[in-house]
1. Give me the extension gain from V38 to A63: residue separation times 0.36 nm, minus the current Cα-Cα distance, reported in nm with one decimal.
2. Rank the residues C114, C37 as a footprinting-exposure proxy: fewest other Cβ atoms within 10 Å of their Cβ go first.
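Every number in this text was worked out from the coordinates using simple rules, so none of it is lab data. Treat the numbers as computed from the prediction; the structure is a model and nothing was measured. So basically every Cβ, Gly included, is an ideal-geometry build from the backbone, and we count neighbours across all protein chains shown.
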Amino acid sequence: MATGNRSLGNGSTDDVAALATSGDVALAALVGALVVCVILLSVVSNCVVLLTVYVEPSLRVAASAYIVSLALADLLIAALVLPLPLPAAGRALGDRLLGPHYCLAWSVLNALCCAASSWSVVVISIYRYLAISRALQYPHGCTMRTSVVVIAGVWILSAAISLPPLFGFGIRFLLLL
């Protein structure tokens with residue numbers, strides 16, 4: 001018979017802690033190292049894209065603006081969203097180490113950056129479709145000003161999708177996660 005909170009095999013927090021102190025620590029370290037490698041690779045590669053467009057004058061065209069928006073969104077994901085859960089990775093599942101406000105901020109930032117990245121891919125696809133299907137008419141409508149307006153729309157739409165929880169909309173659902 002077990003005494004106190006100590007028990008074996010019934011899923012209690014002591015069982016989770018015992019598993020965490022056994023061979024799972026090496027697995028957690030390996031997964032953490034892989035996540036850090038993915039983060040670093042993503043940050044470096046997106047910085048290379050941004051730097052290339054900045055340095056090379058021939059790439060500063062309307063079509064490249066969409067790629068810059070996508071690279072910026074992906075850079076924000078890699079630099080701001082992916083590292084935030086790492087402090088809690090070593091803790092037992094269900095433990096709210098960082099608190100509800102931290103989790104809310106992470107959820108909003110994650111939604112903002114991921115939505116901007118997804119919408120940027122959609123805009124690039126539409127741009128490429130129009131460039132191919134309307135090759136003669138499209139160059140006249142594809143200006144840097146048009147690209148800036150479309151990219152601003154992407155980020156405004158992403159903010160409209162992701163920011164409402166900061167003002168209390170859907171907060172109950174997010175705090176239950």
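1. On the way: separation 25, 0.36 × 25 = 9.00 nm, distance 2.75 nm.
Taking 0.36 nm per residue and subtracting the Cα distance, the gain is 6.2 nm.
2. Numbers: C114 18, C37 10.
If I rank by nearby Cβ atoms, fewest first, I get C37, C114.
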